[in-house]
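The values are calculated or read from the model by the stated rules, or taken from the named source; none is laboratory data. Bear in mind that the values here come from a model prediction, so they are computed numbers and not experimental data. Side chains are part of the model used for accessible areas, which takes the heavy atoms of the whole protein and leaves out ligands, DNA and RNA. Shrake-Rupley method; radii C 1.70, N 1.55, O 1.52, S 1.80 Å.
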Amino acid sequence: MESASKTKLCAVIGDPVEHSLSPVMHNAAFKALNLNYTYIALRVEKKKLREAVDWLRNIGIHGLSVTMPHKVDIIKYLDQIDRLAEDIGAVNTVLNKNGQLIGYNTDGIGALRAIKEKVPNLRGKKVVMLGAGGAARAIGFTLAGEDVELTILNRTGGKAVRLADFLKKMFRGMVSGSKLDKRTLQTALSNVDILINATEVGMSPRTNETLVTRRSIKPSLTVFDVVYAPLETRLLREAAAVGATTVNGAKMLVYQGAEAFKIWTRLDAPVEVMWNAVLNEIRRRGL
Ligand SMILES: NC(=O)c1ccc[n+]([C@@H]2O[C@H](COP(=O)([O-])OP(=O)(O)OC[C@H]3O[C@@H](n4cnc5c(N)ncnc54)[C@H](OP(=O)(O)O)[C@@H]3O)[C@@H](O)[C@H]2O)c1
């Protein structure tokens, strides 16, 4: 048994954070590779973020996962930001490298890996993304490197237009943004290969909500929902019922975690172990 004094400490900070699946997922991964790391959840109130980061730095925290509401605010307390996280404007992973806190964003990479499991070649695909918040921005910036045609629809139309305008500068394919309404949704869904729900619609406890119903879903469509609680949202249930391909948010969770694991340990993550830990925990909680 290795000395506890040499244990590297990682944590997720957020508020609320009690529901986080990250401790179970990362501790299972550390254990599987016999690494002397441990991972805890810390509730940090929005107004106490600066104090918390100072304290975490002083105690020599090795790595952080950052969740709501701190993903944007934490940037000003870090020493360096990776380019992708800077473009996205949000950080979900921090590495303490010799006392320097470096911010990364692995959400988009996780989403892309989850989608590519079902659609390995994205070239020329028509993608409709609902939402223009933090998750949507991360996915949008990661999709920018792929040759896809992206339509962003958001309840607050201005946010979709602004995100699309920003992405245009770096997008390899085509990108447009509009307000989400019946007409724009119907038009977008008439010719689409991949539908991404990057909103919180359908998340527990409002599990009966969906922005798209089965009448608008063709069997040839791939539907990805970023929501992971419940594991099968109403959107995914309806998509599966018509024979469409589905990708759940837990896959994104595991793959963004795998990317964070690699940043902290410089080792490839045991993805299967992490996936099983997340699935077991979701089932244990009855999500
Ligand atoms: N699977 C994963 O690993 C992972 C990672 C990150 C986030 N997530 C999940 O992604 C979801 C979004 O998180 P976020 O960080 O992007 O949140 P956020 O920044 O607050 O953005 C929320 C988005 O949802 C939209 N929205 C909310 N209620 C809506 C409604 N009733 N109808 C239509 N649109 C609605 C918002 O539209 P407006 O702009 O009009 O308000 C906005 O686009 C959450 O469920 C979160 O748990 C999953």
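Structural remarks
- Segment residue 54-residue 162, extension gain: residue separation times 0.36 nm, minus the distance between their alpha carbons: 35.5 nm
- Straight-distance crosslink candidates among aspartates and glutamates, where the alpha carbon sits under 20 Å from residue 48 and sequence neighbours closer than 8 are dropped: 15, 18, 73, 79
- Using 0.36 nm per residue and subtracting the Cα-Cα separation, the extra length available between residue 75 and residue 45 on full extension is 9.2 nm.
- Shape call, segment 138-287: gyration tensor on alpha carbons, a/c limit 1.5: oblate
- For segment 98-180, carbon and sulfur atoms together expose 48% of the accessible surface, with a 1.4 angstrom probe and every protein chain in place.
- For residue 75, the solvent-accessible surface with a 1.4 Å probe is about 50 Å², rounded to the nearest 10.
- Accessible area per residue was computed with a 1.4 Å probe on protein heavy atoms; residue 275 scores about 40 Å².
- Cross-link pairs 97/262; 71/182; 76/169; 126/168; 116/251; 125/262 - those with Cα-Cα distance over 22 Å: 71/182; 76/169; 125/262
- DSSP bridge orientation in the chain - percent antiparallel, rounded to nearest 5: 20
- Degrees separating the helix 157-168 axis from the principal Cα axis of the chain, which is the longest one: 80
- Once the 1.4 Å probe is applied to the protein heavy atoms, the chain comes out at 49 Å² accessible per residue.
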